[in-house]
Amino acid sequence: MKTKAALLWGLGQKWEVEEIDLDPPGHGEVLVKLTASGLCHSDEHLVTGDLPIPLPVVGGHEGAGTIVEIGEGVDDLEIDDPVVLTFLPSCGRCSYCARGITNLCDLGAALMMGPQLDGTYRFHARGEDVGQMCLLGTFSEYTVVPVASVVKVDKGTALDKAALIGCGVTTGYGSAVRSAEVKAGDTVVVLGAGGIGMNAIQGARIAGARYIVAVDPVEYKRKRAREFGATHVAPSADAAWKVVSELTRGQLADSCIMTTDVAEGAYTGSALALVGKRGKVIITAIGHPEETTITASLLEMTLYEKQIRGALYGSSNAQHDVPRLLELYNTGQLKLDELITREYRLEDINDGYEDMREGRNIRGLIRY
Ligand SMILES: NC(=O)c1ccc[n+]([C@@H]2O[C@H](COP(=O)([O-])OP(=O)(O)OC[C@H]3O[C@@H](n4cnc5c(N)ncnc54)[C@H](O)[C@@H]3O)[C@@H](O)[C@H]2O)c1
Ligand SMILES: [Zn+2]
Ligand SMILES: [Zn+2]
């Protein structure tokens, strides 16, 4: 079949929207008609090369839609089922899935490759095979994905809002609730109040944090952060240190979650300085692949038992957490509508990324 999709053909180029070919679903796969896709910063990393995957690729890894065709060997999904696509597949059988650490499923290795799990491609354009961002490619009206990437949700779910749970909401919420293990009464710093950071703020609020300090150089982000639960804001990590030190009488924060546009080595030192004894620094933002140096006080790490921990998908378990987050939305505890700052047609995707780079969006959304 034909579908309209946004493709990246080379580093530093713009997204190109064109009509391309899409194969029917193979064994263990389904064809999904997308309702909406979020514009996560990770697709921008494809453009800059910070996430080095083979090109061309159909971008997008934060989406939701409806199943329209089912491949062989799929027996637990039906046509018309509403689904959230999860950017991390889980097989349910590998050693990590068996332990419930589904965000680290062995299938994750396929994320940086391009083709589907069997090594063949579903999208084709201009005579070439085209990869899928995170096995998904949600910048397309239709896509074929493995069942390992699908979470079935209740009929009637607002799929446009649910799209954001495919990456940003789950990653941010999980970074606070699961990776940082925020407890009632904690003081939490969120470094970078964008699409992921706002959800780390929401996670910290729902977990019962006493103080949540949002740090962002952009005034609009600081203003909006209060809506999601920030009790204090600061324009820089240095300014935040003064705020946190005063609030905690020098004990400093219990955790600092790094959700900046890019993870820089230097930010890690600032983040470690913001947390106190047993404090955790959570690295959620994606760093440059060639950057291997961080500067931080090793003495403080030992004497104060500080920790640095990476967080992939907020250490979440999609089959459990996606429906749970929708329930939190339905009970009014998790804000989703407020995350969507602007909506775009697929044809205007480059405007959406321009707005993100310029700090105008919490999240941009493509509605199909
Ligand atoms: N670990 C994961 O599983 C995972 C999943 C999704 C996204 N990510 C990554 O998370 C990061 C954030 O993504 P996003 O979609 O929220 O991006 P975004 O562009 O919406 O937000 C980034 C925010 O960081 C702010 N910022 C920039 N420099 C800063 C600084 N020095 N101090 C404080 N704030 C600063 C920006 O103003 C912006 O508000 C990206 O690197 C993305 O690739 C990781
Ligand atoms: Zn993402
Ligand atoms: Zn697995």
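Odds and ends about this structure:
- As a rough footprinting exposure proxy, the listed residues Cys94, Cys134, Cys40 were ranked by other beta carbons within 10 Å of their own, and the order from fewest upward is Cys94, Cys40, Cys134.
- Global geometry of segment 172-311, whether rounded, prolate or oblate, following the gyration tensor of its Cα atoms and the 1.5 cut on a/c: rounded
- Short-range pairs are left out: with C-alpha atoms under 8 Å and at least six residues apart, the relative contact order of segment 172-311 is 23 percent.
- Listed from fewest to most Cβ neighbours within 10 Å, the set Lys183, Lys155, Lys221 follows the order Lys155, Lys183, Lys221.
- Of the peptides 18-27, 73-82, 334-343, the ranking by mean beta-carbon count within 10 Å, highest at the top, reads 334-343, 18-27, 73-82.
- The charge dipole of segment 195-321, taken about the Cα centre with unit charges on the Cβ atoms of Lys, Arg (+1) and Asp, Glu (-1), comes to about 560 debye, rounded to the nearest 20.
- Shape call, segment 59-147: gyration tensor on alpha carbons, a/c limit 1.5: oblate
- Partners of Lys335 within straight-line reach, counting lysines whose Cα lies under 28 Å from its Cα and excluding those fewer than 8 residues away in the same chain: Lys33, Lys152, Lys155, Lys161, Lys183, Lys221, Lys223, Lys280.
- Considering only alpha-carbon pairs that sit under 8 angstrom and 6 or more positions apart, the relative contact order computed for the chain is 17 percent.
- The chain - share of DSSP beta bridges that are antiparallel (%, nearest 5): 55 percent
- Three-way shape call for the chain based on the alpha-carbon gyration tensor, with the a/c threshold at 1.5: prolate
- Ranked Ser245, Ser255, Ser316, Ser270, criterion: other C-beta atoms within 10 Å, fewest first: Ser245, Ser270, Ser316, Ser255
- With the helix formula -39500 (n - 2.57) applied to DSSP H stretches of n ≥ 4, the chain reaches a computed 222 nm mean residue ellipticity of -7000 deg cm²/dmol.
Bear in mind that the values in this text are calculations on the coordinates, not laboratory data. Just so you know, these numbers come straight off a predicted model, no measurement behind them. Every residue, glycine among them, receives a Cβ derived from its backbone with ideal geometry; neighbour counts consider all protein chains shown.
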